[in-house]
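Working notes, beginning with the structure itself.
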Amino acid sequence: MIGSMIDVKQAVSISRVFMASLLEPGRAEDLRLEEIQTSEDERSWLVTISLPAPVPKSMAAALSFSDREYKLLTVDGFTGEVRSMTIRKV
């Protein structure tokens, strides 16, 4: 392997900065680290971040409203690049 793997704190920091860069002002103020693990091949960090969910606009949406959204970010363990962001269902 070329180079050394970034540590867990770096992976979390990269994930938070990435998420904050995508969100409108105000939604990034309450980002929370929920989970972190290495990928099966141990070359990436899998970081789950939660953020406040947008307020529902209809009564039907309010019935299934969750106050948090969860995003799973895959951070390359050697370059620190965010490779993907997906919705994490809980």
Tilt of helix 8-22 relative to the longest C-alpha principal axis of the chain, in degrees (0 to 90, nearest 10)? 40
Need the full-extension length gain, residue 40 to residue 17, defined as separation in residues times 0.36 nm minus the C-alpha distance. One decimal, nm. 5.8 nm
Of the listed values (1) 1.28; (2) 1.11; (3) 1.21, identify the label whose number matches Cα Rg over 2.2 N^0.38 Å calculated from this model. (3)
To the nearest 20 debye, what charge dipole does the chain have about its Cα centre, counting +1 at the Cβ of each Lys and Arg and -1 at the Cβ of each Asp and Glu? 280
When the charge dipole of the chain is computed with +1 on Lys and Arg Cβ and -1 on Asp and Glu Cβ about the Cα centre, the Cα farthest towards its positive end, among 38, 23, 55, belongs to 55
Counting only residues 5 or more apart in sequence or on a different chain, those whose built amide H sits under 5 Å from that of residue 88 are 70, 71, 72
Determine the calculated [θ] at 222 nm for the chain from helices alone, applying -39500 (n - 2.57) to every DSSP H run no shorter than 4 residues and normalising by the residue count; nearest 500 deg cm²/dmol. -6500 deg cm²/dmol
How do 71, 9 rank by accessible surface area computed with a 1.4 Å probe, from largest to smallest? 9, 71
Given H placed 1.01 Å from N in the peptide plane, which residues other than close sequence neighbours of residue 36 have an amide H under 5 Å from its amide H? 48
Summed over the other residues with a beta carbon less than 9 angstrom from that of residue 90, with K and R at +1 and D and E at -1, the charge totals +2
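The values are calculated or read from the model by the stated rules, or taken from the named source; none is laboratory data. The structure displayed is predicted, hence computed values, not measured ones. Heads up, the Cβs are rebuilt from the backbone with ideal geometry, glycines too, and the neighbour counts pull from every protein chain shown. For accessibility, only protein heavy atoms count, side chains too; no ligands or nucleic acids. Shrake-Rupley method; radii C 1.70, N 1.55, O 1.52, S 1.80 Å.
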